[in-house]
Amino acid sequence: PITAEQVTAAINKAEALGADTTAVHRELAERQRRREHAEIHVALFGEISSGKSALAQALLPQAEITSDVRGGTTRELTRYTWHSPGGDSLLLTDMPGTAEADGTLDRLAADEARRAHIVVYVSDGDLNRSQHQALKELLQLQKPLILVLNKTDRYNTAETAALSARLGGLLDSHPNTAFVQASAATTRQVVRHMPDGTEQLESRAVAPQVQAVSSALQRMIDGNQQILDRLSDSATFVLASEKLDEAIAATRQTRADELIDSYAVKAVIGALAAITPGSDLLIQGYLGTQLVRELAAIYDTKVGRVDTELLLTLVQKHAGRAHTLLLAVAGNALKAFPGVGTLAGGALHALAYGIIFRTLGRALSITLATRGELHPRQAAKLFEEKLGEDLDTSARGLARVVVRQIGNDRHGD
C-alpha cells in the first residue's frame, strides 16, 4: 500500500521537476476534509441505464433525483445524506454512468469510486468485458464493495438464480464484499383484460425492493470505522499517485518537445555552417550525442556511450535509406520561399538534417517515457516508423529556420 509519506515524497519530486501538482493537493485536501467531518461516503458505480439513480431514489424516497430511461441522465456527482437503519449518517453519491459513447465521464466516476469508503456496483444483468475490468480494478483496492443485481423484476425465478450465481461467484475469495439483489422500480407494467375482450397496458405502483442493499450497507458500516478510513486512505493515495504520474509525464513531455525542437534548429544551423564536405556529419554526431543525454536526463535515466553510439549508427542507416525522400520533401518546403534557391548554402541537406533530428528526438522520448530506459534497437525502429509521418508539416516549420539563417548569413549577422 502507498503511504502518506510516499505521496509527500513524490509530490516534492514532481514539484522539483516543475510539474503541476494542484490536482494532487486537491485530492489530499478532500481526504482530510472527509476525515475531519467523520463522513462515510458511499459511491453508486455502474454503466449508464443500470438503475443507479432509481436505486438512490428508492433508498432516499424524500430526495429528488433525476432518473430517466434514456442513457446518461446523471451528468455530475450528486450527493445525498442517507440515514441507515442503524442510525448512521452517510453521503450517498450518485455518479455518471460509465461506458457512454465518448467515455468522458468514466474517469470522473472511477475517481470518486476510489475516494469512497464503500462502493455499490450496480448492474442490471450479466457483466460485459468492460464491466468485468471495472469490477476487477475496484476489487484490487480491497475496500468494501457491494455488487447489486438491479431490475430483478424483469427476470423470472430461474433467470434471477442463474444471474445471481454468476455475479456472486465474481466475489469469491474477495473479503469485504457482498452480493445482493434489488428492484428499484416503483411502477410495473401489467396487461388488463377488458370486458369486451381487448387488452390494455397499465402502469401500477409497486414498492421498491432495496432492503437487501440497506442491510448490506449497514453490516459494512458496523465493521469498523477505522478500517473504512484506512481502506479509503489507501485508495486515495493510489489515486493521488496516479495523478502525480500523469502530471510528471505531461511536464516531461513538454520539456522534451521543447528540447527536441531546439536541437532540430541547431542541426539545421550546424549543417548550413559546415565549411568542408563531411564536417556537417561530425557536427550532427556531436549534437546527436548531446540530444540523447539531455533527453535521458529529463526522463531521469542514464545512458551509456555504447548504447548512444549504436542508436545513432542505426538511425544513420535508416535516414540514409530515406535520403532521397527527405531531400524531395525539403525541396517542396523551400519552394514556398522563391528568393532562397533550393541549393543555397546546402539548404536541402540542412533541412533534411533538421527533420532527422526532430524524428530522432520524438522516437527517443517515446521510448524513454514508455520503457524507462534507452533501448537502441527499439528506438531506432520507432525512428524508422515515424520518419515518414507528418513530413510536410515538419519540413515547413524548419524551412523558415533555413530561410532566416540564410538571410542572416547574407547580411553578415
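Within segment 156-174, is there a residue that is of a type outside the set (V, I, T), under 21 Å from D222 (Cβ atoms) and surrounded by fewer than 19 Cβ atoms within 10 Å (Cβ to Cβ)?
Taking segment 156-174 first, the residues of a type outside the set (V, I, T) are 156, 158-159, 161-174.
Going one step further and asking which of them are under 21 Å from D222 (Cβ atoms), we end up with 171, 174.
Pick out the ones that are also surrounded by fewer than 19 Cβ atoms within 10 Å (Cβ to Cβ) and you get 171, 174.
Yes: one or more hits.
Please work out which residue is farthest from R396 (Cα to Cα), limiting yourself to segment 323-334 and to residues that are open to solvent by 70 Å² or more (accessible area, probe 1.4 Å) and in contact (Cβ under 8 Å) with a residue 60 or more places away in the chain. Reasoning before the result, please.
Quick first cut of segment 323-334, residues open to solvent by 70 Å² or more (accessible area, probe 1.4 Å) only: 323-325, 332.
From what is left, the residues that are in contact (Cβ under 8 Å) with a residue 60 or more places away in the chain are 325, 332.
Numbers: L325: 15, N332: 9 Å.
Among those residues, the one meeting the criterion is L325.
Could you tell me whether A267 is open to solvent by 60 Å² or more (accessible area, probe 1.4 Å), of a type in the set (A, V, I, L, M) and modelled with pLDDT under 90? Show your work before the answer.
Working: open to solvent by 60 Å² or more (accessible area, probe 1.4 Å): no; of a type in the set (A, V, I, L, M): yes; modelled with pLDDT under 90: yes.
No.
Checking the conditions here, which among G320, G341, G372 is closer than 30 Å to D245 by Cα, open to solvent by 30 Å² or more (accessible area, probe 1.4 Å) and modelled with pLDDT under 90? Break it down stepwise before answering.
Details: G320 fails: closer than 30 Å to D245 by Cα; G341 fails: closer than 30 Å to D245 by Cα.
Going through G320, G341, G372 in turn, the sole match is G372.
Name the residues in segment 245-264 that are surrounded by 19 or more Cβ atoms within 10 Å (Cβ to Cβ) and under 12 Å from the mean Cα position of the chain (by Cα), would you?
A247
Counting just the residues of segment 283-317 that are of a type outside the set (F, W, Y) and in a loop (DSSP other than H, G, I, E, B), which one comes out surrounded by the most Cβ atoms within 10 Å (Cβ to Cβ)?
First, the residues of segment 283-317 that are of a type outside the set (F, W, Y): 283-285, 287-298, 300-317.
Next cut, in a loop (DSSP other than H, G, I, E, B) only: 300-304.
Numbers: D300: 12, T301: 13, K302: 10, V303: 20, G304: 10.
For segment 283-317, the residue satisfying everything is V303.
How many residues does segment 186-210 contain that are in contact with a Pro (Cβ under 9 Å, 6 or more places away or on another chain) and at pLDDT 80 or above?
Looking only at segment 186-210, we keep the residues that are in contact with a Pro (Cβ under 9 Å, 6 or more places away or on another chain), and these are 186, 208.
Narrowing the set further to residues that are at pLDDT 80 or above leaves 208.
Qualifying residue count, segment 186-210: 1.
Let me spell it out: the conditions are (1) in contact with a Pro (Cβ under 8 Å, 6 or more places away or on another chain); (2) free of Cβ contacts under 8 Å to residues at least 24 places away in the same chain, and D307 meets all of them except one. Which number is the exception?
Against the list (1) in contact with a Pro (Cβ under 8 Å, 6 or more places away or on another chain); (2) free of Cβ contacts under 8 Å to residues at least 24 places away in the same chain, D307 comes up short only on (2).
If we keep just the residues of segment 125-145 that are buried (at least 22 other Cβ atoms within 10 Å of the Cβ) and over 19 Å from the mean Cα position of the chain (by Cα), which is nearest to E27 (Cα to Cα)?
K143
Given the residues S203, S214, which is the only one that is in contact (Cβ under 8 Å) with a residue 12 or more places away in the chain and surrounded by fewer than 16 Cβ atoms within 10 Å (Cβ to Cβ)?
On inspection, the qualifying residue turns out to be S203.
Could you list, in sequence order, the residues of segment 194-246 that are in contact with a strand residue (DSSP E or B) (Cβ under 8 Å, 6 or more places away or on another chain), assigned to a loop (DSSP other than H, G, I, E, B) and closer than 19 Å to L141 by Cβ?
Across segment 194-246, there are no qualifying residues.
From the list A54, A38, A9, A23, exactly one residue is part of a loop (DSSP other than H, G, I, E, B) and aliphatic (A, V, I, L, M). Which is it?
Details: A54 fails: part of a loop (DSSP other than H, G, I, E, B); A9 fails: part of a loop (DSSP other than H, G, I, E, B); A23 fails: part of a loop (DSSP other than H, G, I, E, B).
Checking each option against the conditions leaves just A38.
Residue-wise test of (1) polar (S, T, N, Q); (2) in contact with a strand residue (DSSP E or B) (Cβ under 9 Å, 6 or more places away or on another chain); (3) over 30 Å from E5 (Cβ atoms).
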| site | (1), (2), (3) |
| --- | --- |
| S183 | yes, yes, yes |
| T187 | yes, yes, yes |
| A249 | no, no, no |
| V265 | no, no, yes |
| A274 | no, no, yes |
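I need the full set of residues from segment 103-123 which are open to solvent by less than 50 Å² (accessible area, probe 1.4 Å) and charged (D, E, K, R), in order please. Lay out the reasoning, then the answer.
Taking segment 103-123 as the starting set, the residues that turn out to be open to solvent by less than 50 Å² (accessible area, probe 1.4 Å) are 103, 105, 109-123.
Of everything in segment 103-123, those that are open to solvent by less than 50 Å² (accessible area, probe 1.4 Å) and charged (D, E, K, R) turn out to be D111, E112, R114, R115.
Tell me, which residue of segment 189-240 that is out of contact with any helix residue (DSSP H, G or I) (no Cβ under 6 Å at 6 or more places or on another chain) and hydroxyl-bearing (S, T, Y) is farthest from V42 (Cα to Cα)?
Of the residues in segment 189-240, the ones out of contact with any helix residue (DSSP H, G or I) (no Cβ under 6 Å at 6 or more places or on another chain) are 189-207, 209, 211-234, 238.
Now drop any that are not hydroxyl-bearing (S, T, Y), which leaves 198, 203, 214-215, 232, 234.
Working: T198: 48, S203: 32, S214: 12, S215: 14, S232: 11, S234: 16 Å.
Selected residue: T198.
Among the residues of segment 232-241, is there at least one that is at pLDDT 75 or above and open to solvent by 100 Å² or more (accessible area, probe 1.4 Å)? Don't jump to the end; show me each part of the working.
Step one: filter segment 232-241 for residues at pLDDT 75 or above, giving 232-241.
Keeping just the survivors that are open to solvent by 100 Å² or more (accessible area, probe 1.4 Å) gives none.
No; the residues of segment 232-241 include none that is at pLDDT 75 or above and open to solvent by 100 Å² or more (accessible area, probe 1.4 Å).
Based on this model, can you work out whether T186 counts as exposed (fewer than 10 other Cβ atoms within 10 Å of the Cβ) and over 19 Å from L92 (Cα atoms)? Steps first, answer last, please.
Numbers: exposed (fewer than 10 other Cβ atoms within 10 Å of the Cβ): no; over 19 Å from L92 (Cα atoms): yes.
Criteria not met by T186.
For the structure I just gave you, tell me whether V148 is in contact with a strand residue (DSSP E or B) (Cβ under 6 Å, 6 or more places away or on another chain), at pLDDT below 85 and open to solvent by less than 80 Å² (accessible area, probe 1.4 Å). Don't jump to the end; show me each part of the working.
Numbers: in contact with a strand residue (DSSP E or B) (Cβ under 6 Å, 6 or more places away or on another chain): yes; at pLDDT below 85: no; open to solvent by less than 80 Å² (accessible area, probe 1.4 Å): yes.
When the stated conditions are applied, V148 does not pass them.
The values are calculated or read from the model by the stated rules, or taken from the named source; none is laboratory data. Since this is a predicted model, take the numbers as computed values, not measurements. Methodologically, a virtual Cβ is constructed for each residue, glycine included, from the backbone with ideal geometry; neighbour enumeration extends over all protein chains shown. The accessibility values were calculated without ligands, DNA or RNA, using every heavy atom of the protein model including side chains. Shrake-Rupley method; radii C 1.70, N 1.55, O 1.52, S 1.80 Å.
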